[in-house]
Every structure is written in structure tokens, then in C-alpha cells.
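Participant: First, the structure itself, so that you have it in front of you.
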Amino acid sequence: MGSSISTSRSSNSSINNPYDNSHLFIGRRNYNSEFEYIKCKCDLVAPCQEAWREGTLDPGRRFFGCSQFKDPRKRCNFFVWADPPYPKRAREVIQSLKQKLRAKNEEPERAMAELSFVEKKMLVLNEECVSLRCKNEEAEAVGKSYAEAKAILQFENKSYGWKKLLVIVVIAWIIFSLFK
């Protein structure tokens with residue numbers, strides 16, 4: 001890319017670019033030594049952007065590109081780095097920080113997914129609890145019915161026991177009176 005790309009330049013706007021792309025810049029630097037603008041082959045202002053796409057070697061490195069690069073009819077393929085390439089160690093640090101940031105950003109998502117799972121599980125458990133309460137109430141009702149039936153049977157058994165005893169006594173008296 002470098003010096004093979006050229007665009008028109010106004011006569012009074014020469015700047016010193018340390019990256020050997022000075023012939024591309026039209027305009028001047030602002031007080032922060034940042035480039036205000038350059039023009040692409042389409043004679044449009046090429047915005048300064050940062051490379052943050054996944055897989056880029058120099059994430060955060062600034063570049064100038066045609067503002068209509070997404071329009072297939074008007075592609076001029078203008079692209080120039082505004083910053084020099086990063087050293088290998090800087091790339092490694094940036095990639096590491098991006099991974100840590102990605103992991104930190106995924107933590108709330110994982111926590112929300114886990115919370116959603118727990119909430120669903122709580123709903124299921126709550127339904128089971130309601131079902132068990134109903135069964136418990138039914139069991140208590142059956143238990144009361146059983147206790148009432150048992151009490152009635154015990155009372156009848158006691159009554160039956162007295163009747164039995166009375167029959168035995170009467171039979172014994174009859175037998176005793178016959179043998180006298």
C-alpha cells in the first residue's frame with residue numbers, strides 16, 4: 001500500500017507523516033497531533049477507525065478506509081494504517097486483555113442462565129410441594145376416617161365382648177342348673 005497510493009492534495013496542506021503515507025493526507029493535524037481527515041480514491045473523507053474485529057493482529061490499531069467500503073458498486077478499496085504495527089508483546093497483552101474482558105462479559109450471562117434455571121427448578125419444586133400438601137391433606141383425612149372407624153370397631157368389639165360374656169354366663173348357668 002504505502003507510497004503506491006496517491007490522491008489529490010491541496011497546495012497548502014502538507015503534513016509530515018512518520019509512517020510514510022504523507023502523500024495521502026489532505027488537511028492538517030489538530031492540536032493532539034491526530035489526523036483530522038484524509039481522502040480516499042473516491043475523493044471522499046476516509047474516516048479514521050480502530051481495528052477491533054476478531055482475529056485482527058493489531059486490535060485497536062487505527063486505520064483510514066473508504067467510507068463506502070460496504071457498497072459493492074463504489075468500492076475503491078482504499079485502506080491505510082494510521083498507526084505503526086504493534087510489537088509482538090503488545091499484541092499478546094491486548095489479546096489476553098480481550099479474552100479476560102470477554103470472560104468478564106460472559107459471567108453475567110452465565111449467572112442469568114443459572115438464575116433462570118434455578119427459577120424454573122423452584123417453580124417445579126413449588127408445584128411438587130403443592131401436590132405433596134394436597135396428598136398430605138388427603139392422607140390426614142384418610143387417617144381421621146381410619147381412626148374413627150377403629151374407634152367404632154373398638155366400641156363394637158367391647159359391646160360384642162360384653163354380649164359374648166353374657167351369653168357364656170347364661171349358658172354356664174343353664175348347664176350348672178341342669179346338673180344340680
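Participant: Choose one of 87, 151, 118: the residue whose Cα lies farthest towards the positive end of the charge dipole of segment 67-180 (beta-carbon charges +1 Lys, Arg; -1 Asp, Glu; about the Cα centre).
Facilitator: Working it through, the farthest residue towards the positive pole turns out to be 87.
Participant: I would also like to ask the following. Might you report the magnitude of the Cβ-based charge dipole of segment 56-180 about its Cα centre, with Lys and Arg at +1 and Asp and Glu at -1, to the nearest 20 debye? Display every interim value, and only then the final one.
Facilitator: Working: 24 positive and 16 negative charges, 134 e Å.
With only Lys, Arg, Asp and Glu charged at Cβ, the dipole is about 640 debye.
Participant: If you don't mind, another one. What length, rounded to one decimal in nm, is gained on full extension from residue 54 through to residue 73, with 0.36 nm per residue of separation minus their alpha-carbon distance? Working shown, then result.
Facilitator: Numbers: separation 19, 0.36 × 19 = 6.84 nm, distance 2.61 nm.
Full-extension gain reported as 4.2 nm.
Participant: If you don't mind, another one. List every residue whose amide H lies under 5 Å from the amide H of residue 46, counting only residues 5 or more places away in sequence or on a different chain, with H placed 1.01 Å from N in the peptide plane.
Facilitator: For residue 46, whose amide H was placed from the backbone, the distant partners under 5 Å are 38, 39, 40.
Participant: Now a separate question. I need the phi-derived Karplus couplings for segment 99-108: 6.51 cos²θ - 1.76 cosθ + 1.60, θ = phi - 60°, integer Hz, Gly and Pro marked x.
Facilitator: Using θ = phi - 60°, the values come out as 5, 5, 5, 4, 5, 5, 5, 7, 4, x Hz.
Participant: Pull up the cross-link candidates among the lysines for residue 74, meaning alpha carbon to alpha carbon under 27 Å and not fewer than 8 places away within one chain.
Facilitator: List returned: 39, 41.
Participant: Quick one: grab the alpha carbon gyration tensor of segment 63-103, order the square roots of its eigenvalues as a ≥ b ≥ c, and give me rounded if a/c is under 1.5, else prolate or oblate depending on whether a/b is larger than b/c.
Facilitator: oblate
Participant: Percent of accessible area on segment 95-180 owned by carbon and sulfur, 1.4 Å probe?
Facilitator: So the carbon and sulfur contribution to the accessible surface is 67 percent.
Participant: Residue 114 to residue 130: extension gain in nm, 0.36 nm per residue of separation minus the Cα-Cα distance?
Facilitator: Working it through step by step, the gained length comes to 3.4 nm.
Participant: Starting from segment 49-126, pick out the chymotrypsin sites (Phe, Trp or Tyr not before Pro) whose DSSP state is loop and whose Cβ has at most 14 other Cβ atoms within 10 Å.
Facilitator: Here the chymotrypsin sites (Phe, Trp or Tyr not before Pro) that fit, given the DSSP loop and packing criteria, are 52.
Participant: Additional query: Starting from the Cα gyration tensor of segment 41-125, take the square roots of the eigenvalues, sort them a ≥ b ≥ c, and report rounded, prolate or oblate (rounded when a/c is under 1.5, otherwise prolate if a/b is larger than b/c, else oblate).
Facilitator: Oblate, since a/c reaches 1.5 and b/c is not below a/b.
The values are calculated or read from the model by the stated rules, or taken from the named source; none is laboratory data. This one's a predicted model, so the numbers in the text were calculated from it and none came from an experiment. For neighbour counting, all protein chains shown are included, and Cβ atoms are generated from backbone atoms with ideal geometry for every residue, glycine included. Remember, those area values only see protein heavy atoms, side chains included, never the ligands or the DNA or RNA. Shrake-Rupley method; radii C 1.70, N 1.55, O 1.52, S 1.80 Å.
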